[in-house]
Structure formats: structure tokens, C-alpha cells
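Engineer: Supplied in C-alpha cells, the structure appears directly below.
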Amino acid sequence: QQRGRGLPAAVGALCRALPPRGRPAPDTLRRARFDRPQASLDFWRLLYALLKQIHGGKWTESDAIDNQIRFVKSALWYHGYGRPELYRLPSDGSAGSRELLLAFSWLLHRISLLEELLARNRVKTGDETSVCTCEDALPNSQKSTTEMAPEYGPEDRIDVRYLQWLNGRLRFQWRSLHAQHQEQCKLLHKIHLFTSGSHVDQILGHFSVTEADLVRQPENYKQLLQLLEAETMRLEAFLEWKQLEPVYWQWMETVLDNMAEEGNMCESQNAHVEKSGLPKATSCCPWADNLTGQIDRLSRDLMTLRDQLHKLVTHRKTAWCEKVKTREEELQKEGFSAAARKIQESVGLKLLDLTSLCAPEKKKMHGSCRLVLRSKHPASKTGFDGCVSKECVSAVGAAEVIRDLQLREASLGRELRQLQEECRQRLDEIAEGLDGVICVPP
């Protein structure tokens, strides 16, 4: 009874916490719980609008429903949703509302959908930039290229000139982006410098772009105020949702139980039809007995073949194990020096990183940071949005970020040289097996 009374409030808070663009009605989730086809189109549109905002694409209601469904399925596959029943749903959106409810709930838990949407739709009143000094974990990068490289056939080969063209295009795009970023930084610095000392907050001391625009066009403050009020309402709904979230997940457990019961009933009905169908066929078909005897003989033949294959595989496996053991003994004698050299190189690379690993661990910065003119306020504080810590931390200096990036660049450079050396050795081994071919290094 308590869960029944709290469920409407939990669903209502969840819907209010979602952004206005694509916000569903609470009845949509309730109808989807009973797999009503009327809620399927609404759920497809909901997931399309939310995932478009997550992936930063252009969202238009005029998109055809089949294009929306195709995008939702590909986005869910990208995030790792592996339930095959969803990908079998029709492309016209006529069914599958309960499957879509499960996918929506999975996104809530797996990628923190609400938190991600709140961060992306946040009203930005200050000049911000993203700062990340976290090092990516690359456990697979230490493997050799022979273990990681896939095998390509002749039909899978790609022209090297096309890859070079793609690389050049990517480098050009990076240069253009860097030039635009530099121009934006120059303009921001002018605004911060010209408005220095005008802000009521002495920690900041200057206006942001939004604040400077409000000074020039005061009539725009009403729109900004409406956006802030709408964001406040969504944050209040999010806080209410976090309190009632256990009620929602208990409700989803009942949805899963009902689906499991319906699946068991369908399986039992199919099994009953299969069992009851055979006697009817044998009673009305005179050739059924002959067919059953042939099936029995084929089954016995298959069992005999399986036993023979099992014996053959066991014999081959034993022979291969003996060959591998002999080859290992030979390689231990021949390749001991080469193995020792590889180990020495690997230890040397790890020793180069020992200084940074043994240094006192600093708090890694990750998230959005407000830009402040540091020259006038050296002791300023700034806060991070989706960062490691919620409290204020010391202002981030460009020199510190550059130093961290240089250390990361040096580490990646050493790893690149190691991979290049492994590739060169692999190419030398391949070239040795080619008769009549002379390989000239570039």
C-alpha cells in the first residue's frame, strides 16, 4: 500500500526532472507497464529526444518515426544494451511499450540519465571551460600488436592513400578548431579585462559574456530569469525523485516478474502444442511411423559420428600438445636472449614512469570550470560542476594543466615508440618468410 501511494509521486517527479523537450506524461509510463500499444510511439519519441540531447545531435519532431527508431536502437546498442527483444520491435512503433520502459529504466541506472541531462541543459551564466587531468586507463595498450591486430582478408583491405587523406582532413579540422578556440579566448580576455572591478562578487571581479550581454540588453533578463526558474523546478523535482527512487525500482521489479511469468506461460503453451501435435499426426498420417524410424536411425548415426569425432579430437589434441612442448623447449634455448632484451626494455619504460607514479597523488580535476581573470585575483576560488569534489577547490592555472599534459604526452610518446618497435619486428618476421622479396625501409 505504501508503494502504491508513493509510485505516482515517484513517476511524477521523474517526469518533471526530465527536460521540457521530450518530457513524457506520467500516464505514458503506467500504460507501458501493461504493454499498451498506445504508449509505444510516445516512448520511442521520448527516447529519441533524450538520446539526441545526450549525443549532441539536432533534434527535430519532423523526423520520420522509422528514422527515430533506428537512431534509438543504434544509441542503445552503443551504450551496451543487449536485450535482443528490443531490437526485434517493428520499425513502425506499433508495439513494444514495455520493452521501451525497460530500456528507459536501464538508461536511468547505467548512464545516470537524469544527471547527464541536468548537466547538459544547465543554464550557464558564467564563462566556463572543460578541464580534465585524469589519465585514461589503457590496460590493453601494453599488449603486443600481434595479440591485438585482427586478421583481414583480401576483401577487407583499405587503400593507404584513403587513410592518409582521412588523417590530413582530421589534422586540418583540429587546426581550425584550435584557431577558433584561440580567437574565443582572446575575446573572453577582452571582456574580462574591460569589466574588471565591476562585479559585485569580489572573488570574480569581472563580468561574464552573459552578464555583459545583460548590461547591453537589459530586456533579456526576463528570459534568463524564466530559464533559471525552470531549472530550479527541475532540480527540486530531481531531489524529490532521489527520495522516491527506491519505490520506482520496486515497481520495475514487479514489471520484470510479470514479463517472466508471461514468458513461462508462452513456453508451456508451445511445449503443450508440440507434445499434443505428434500423436495427432501419427494417428492421421500412415507414413508417420516410417518417418519416425528414419529419424531414430539418423539419431543413432549422429551419436556414433559424435563419438568418433570426440576420439579424433582427443588424439589430435594430444599430438599437438607434444609438438608445442617440443617447440617451447627449442624456443627457450634459441630465444632466451631476445626475451631478456624485451624484458629489459619493458622494465626501462616502467622505470621512466616511476617518478610520476611514486609522486604524491594529486586530486584529479575533471569537469566544467568557470574562467576567472587570475592576474587581478590570484587567490580566487572556482567550483567544478561534475567534478571529483563538490566543495570549492583552488583555481586551475594554465601552466599546471600544460605541465600535466606534457607528462601525459611523454608517457604516450614512449608507448608509441614501443608499439612501433614491436610492429617493425613483426614486419621483419613477415618479410623473412617471403621468398624473392626485398623490403626497403622508408
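Engineer: Before we move on, is Ala319 open to solvent by less than 80 Å² (accessible area, probe 1.4 Å), modelled with pLDDT under 70 and not hydroxyl-bearing (Ser, Thr, Tyr)? Give the derivation first.
Structural biologist: Details: open to solvent by less than 80 Å² (accessible area, probe 1.4 Å): yes; modelled with pLDDT under 70: no; not hydroxyl-bearing (Ser, Thr, Tyr): yes.
So Ala319 does not fit the description; no.
Engineer: Out of all the residues in segment 157-168, is one or more part of a loop (DSSP other than H, G, I, E, B) and of a type in the set (Val, Ile, Thr)? First the steps, then the outcome.
Structural biologist: Residues of segment 157-168 that are part of a loop (DSSP other than H, G, I, E, B), as a first pass: 157-159.
Still in the list and also of a type in the set (Val, Ile, Thr): 158.
Yes, because at least one residue in segment 157-168 is part of a loop (DSSP other than H, G, I, E, B) and of a type in the set (Val, Ile, Thr).
Engineer: Considering only segment 115-132, how many residues are among the small types (Gly, Ala, Ser) and out of contact with any Gly (no Cβ under 9 Å at 6 or more places or on another chain)? If you could, list the steps in order and put the result at the bottom.
Structural biologist: At the first step, the residues of segment 115-132 found to be among the small types (Gly, Ala, Ser) are 119, 126, 130.
If we keep only those that are out of contact with any Gly (no Cβ under 9 Å at 6 or more places or on another chain) too, we end up with 126.
Residues flagged as among the small types (Gly, Ala, Ser) and out of contact with any Gly (no Cβ under 9 Å at 6 or more places or on another chain) within segment 115-132 amount to 1.
Engineer: Scanning segment 110-124 for residues that are farther than 24 Å from Ala25 by Cβ and of a type outside the set (D, E, K, R), which turns out least open to solvent (accessible area, probe 1.4 Å)?
Structural biologist: Here the residue is Val123.
Engineer: Please work out which one of (1) modelled with pLDDT of 90 or more; (2) in contact with a helix residue (DSSP H, G or I) (Cβ under 9 Å, 6 or more places away or on another chain); (3) not polar (S, T, N, Q) is the condition Ala281 fails and give its number.
Structural biologist: With (1) modelled with pLDDT of 90 or more; (2) in contact with a helix residue (DSSP H, G or I) (Cβ under 9 Å, 6 or more places away or on another chain); (3) not polar (S, T, N, Q) applied to Ala281, the lone miss is (1).
Engineer: Then there is this: Among the residues of segment 298-312, are any modelled with pLDDT of 85 or more, open to solvent by less than 100 Å² (accessible area, probe 1.4 Å) and under 30 Å from Gln425 (Cβ atoms)?
Structural biologist: no
Engineer: Please list, ordered by residue number, the helices (runs of 4 or more DSSP H) wholly in segment 3-109 having 1 or more residues that are in the same structural domain as Val255 (by the TED database) and surrounded by 20 or more Cβ atoms within 10 Å (Cβ to Cβ). Reasoning before the result, please.
Structural biologist: Numbers: elements: 26-33, 40-54, 65-79, 84-87.
In segment 3-109, 26-33, 40-54, 65-79 are the helices (runs of 4 or more DSSP H) which contain 1 or more residues that are in the same structural domain as Val255 (by the TED database) and surrounded by 20 or more Cβ atoms within 10 Å (Cβ to Cβ).
The values are calculated or read from the model by the stated rules, or taken from the named source; none is laboratory data. All figures in this text were calculated on a predicted structure; none of them were measured in a lab. Here Cβ is always computed from backbone atoms with ideal geometry, including for glycine, and neighbour counts include all displayed protein chains. Protein only, heavy atoms only, side chains kept; ligands, DNA and RNA dropped before computing areas. Shrake-Rupley method; radii C 1.70, N 1.55, O 1.52, S 1.80 Å.
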